[in-house]
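Reviewing the structure listed below.
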Amino acid sequence: MLLIVANVLPTMGIVSLIPVLPQLFARFHDAPHAGFLVPAIITAPSICIALLAPVAGTIADKIGRRKMLLGALLVYALFGCAPLLLDDLNQIIATRVCLGITEAIIYTCVNTLMGDYFKGAVRRKWLAWQNAIGSLLATGLIIVGGILGSISWHGPFAMYALAVPIFLAVLAFTWEPEPQAEEQESGGETPINAPFPVAAMALVYAVTLFGSIIFFIEVLQLGLVMSSIGLGSPDVIGLVSAGAGFALPLGAYLLGRAKELRVGYLFATALAFFAGSFWILGHATNLSGIVMGACLAQFACGITFPLLITWCQSKLHFGVRARGVGLWTSFFFIGQFASTTLVSLFTGPAGGIGGVMVVFAIVCAVAVPISWIGEALTGRRVVAHP
């Protein structure tokens, strides 16, 4: 549970400032390049995670995951809270870049420790709950950010001090895992000095990139879809987003209940739900259609994220786990930016955001049998051993 809470910190770097984005624009509207720099206050940490997570993982494999996590938590609190005392846009962005470096370390080390501490079905259960609980906590952080933002645009930056008690808890209740051999899917063990499994991980990363692109479509584009049919009120968008988010733990619960991890079958299931969601969102004309489509997408998100990270963990032995998870993190966050770019590219040719939803519904529908057949042909699985 402590690792789950710690892993919410990188998410807080984004969602806590969403409510004060209009205030930030109002405060810095006359600054040079404000149209680019103000959004960068929110996006800079994510870019750092995408670029630096592999580096963080490589270092963590050499010096220890827990040591890096503890150091990153303290520095996170320092640079996260720094804008409370700043009123210069460039200085604030500089602190956000430094914050992003710590987030890359936190995200990579927490997910690696999940793989170190737990195995098999237990690991999958906790990774699923990490996704579910993290989503609910993120919703709460948006609310708290809005409350603090009503006091001042500086207010939400005080939330980053939460890293201090988390640091103390991690110091008290976690330990540096001992190197150990990893049980193979086909039996036997992988020694800790075995080389990095390049071929196996190439497939994992390719599927993760595709899955991430699909994962972020509804998350990032729901507001535009609602605005296109006259439901553009921020309050309504926020309520629908928060309400649909409660479907995500249901997807995570479904994954956690699976007796064994058949990646292709479970990913095909998630893609089928995504296809249905995007098709409904693309043709929705009222609020009920939007809610149904958003709930289906969030249910699929609840399956997708823990499925992909569990699959990644199952291919990595102790000696290269942090590096492998760091690379996985990079591909997942690159998918976030690729998702936005692809939606922008297709909006014109597809005739608007509704047409884009239909296009991606078709893409997901085509990918369902590909994923299913691929699993059937390989016959590989990760057995849910305790």
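The values are calculated or read from the model by the stated rules, or taken from the named source; none is laboratory data. These numbers were taken from a predicted model, which means no experiment stands behind them. Quick reminder, even Gly has a Cβ in these numbers, built from the backbone with ideal geometry, and neighbours come from all protein chains shown. Please note that ligands, DNA and RNA were not included when accessible areas were found on the heavy atoms of the full protein model with its side chains. Shrake-Rupley method; radii C 1.70, N 1.55, O 1.52, S 1.80 Å.
Could you please give the count of residues in region 34-61 that are at pLDDT below 85 and farther than 27 Å from VAL110 by Cβ?
Going through region 34-61, the residues at pLDDT below 85 turn out to be 34-36, 39, 42-43.
Adding the requirement that they be farther than 27 Å from VAL110 by Cβ leaves 34-36.
So the answer is 3.
Which residue out of PRO10, PRO19 is surrounded by 21 or more Cβ atoms within 10 Å (Cβ to Cβ) and under 15 Å from the mean Cα position of the chain (by Cα)?
Working: PRO19 fails: under 15 Å from the mean Cα position of the chain (by Cα).
Sole residue among the options that is surrounded by 21 or more Cβ atoms within 10 Å (Cβ to Cβ) and under 15 Å from the mean Cα position of the chain (by Cα): PRO10.
More than 16 Å from ALA163 (Cα to Cα) and either among the β-branched types (Val, Ile, Thr) or at pLDDT below 85 (or both): is that true of ILE101 in this structure? Steps first, please.
Working: more than 16 Å from ALA163 (Cα to Cα): no; either among the β-branched types (Val, Ile, Thr) or at pLDDT below 85 (or both): yes.
Considered against the rule, which asks whether it is more than 16 Å from ALA163 (Cα to Cα) and either among the β-branched types (Val, Ile, Thr) or at pLDDT below 85 (or both), ILE101 comes out as no.
Out of TRP279, TRP311, report the one residue that is out of contact with any His (no Cβ under 8 Å at 6 or more places or on another chain), open to solvent by 40 Å² or more (accessible area, probe 1.4 Å) and in contact (Cβ under 8 Å) with a residue 24 or more places away in the chain.
It is TRP279.
Return the residue satisfying two criteria in turn: it lies in region 115-167 and is over 15 Å from LEU2 (Cα atoms) and not in a helix (DSSP H, G or I), and of such residues it is most open to solvent (accessible area, probe 1.4 Å).
Restricting to residues being over 15 Å from LEU2 (Cα atoms) and not in a helix (DSSP H, G or I), the top hit is ILE151.
Which of the residues that make up region 282-302 are aliphatic (A, V, I, L, M) and either open to solvent by 10 Å² or more (accessible area, probe 1.4 Å) or touching an Asp or Glu at 6+ places or on another chain (Cβ under 9 Å) (or both)?
Keep residues of region 282-302 that are aliphatic (A, V, I, L, M), which gives 284, 287, 290-292, 294, 296-297, 300.
Answer for region 282-302, where residues must be aliphatic (A, V, I, L, M) and either open to solvent by 10 Å² or more (accessible area, probe 1.4 Å) or touching an Asp or Glu at 6+ places or on another chain (Cβ under 9 Å) (or both): ALA284, LEU287, VAL291, MET292, ALA294, LEU296, ALA297, ALA300.
Would you please list the contacts, defined by Cβ atoms under 6 Å and residues six or more apart or on different chains, that run from a residue in region 138-158 that is over 17 Å from GLY245 (Cα atoms) to a residue that is outside any helix (DSSP H, G or I)?
Listed pairs, sorted by first residue: GLY145/SER16; PRO156/SER16; PRO156/LEU17.
Just to be sure I understand, how many residues within region 22-33 are in contact (Cβ under 8 Å) with a residue 40 or more places away in the chain and either crowded, with 16+ Cβ neighbours inside 10 Å or at positive phi (or both)?
The qualifying residues number 4.
Among the residues in region 320-342, are any over 19 Å from the mean Cα position of the chain (by Cα) and part of a helix (DSSP H, G or I)? Don't jump to the end; show me each part of the working.
Narrowing region 320-342 to residues over 19 Å from the mean Cα position of the chain (by Cα): 320.
Next cut, part of a helix (DSSP H, G or I) only: 320.
Checked region 320-342: at least one residue is over 19 Å from the mean Cα position of the chain (by Cα) and part of a helix (DSSP H, G or I).
Only residues that are in contact (Cβ under 8 Å) with a residue 24 or more places away in the chain and at negative phi: list them for region 346-358, please.
ILE353, GLY354, GLY355, VAL356, MET357, VAL358
Looking at GLY293, GLY243, GLY251 in this structure, which one is modelled with pLDDT under 95, more than 30 Å from GLY324 (Cβ to Cβ), of a type outside the set (A, V, I, L, M, F, W, C) and in a helix (DSSP H, G or I)?
On inspection, the qualifying residue turns out to be GLY243.
Give the residue, chosen from SER241, SER212, that is surrounded by 17 or more Cβ atoms within 10 Å (Cβ to Cβ), hydroxyl-bearing (Ser, Thr, Tyr) and touching a Gly at 6+ places or on another chain (Cβ under 7 Å).
Answer to the check: SER212.
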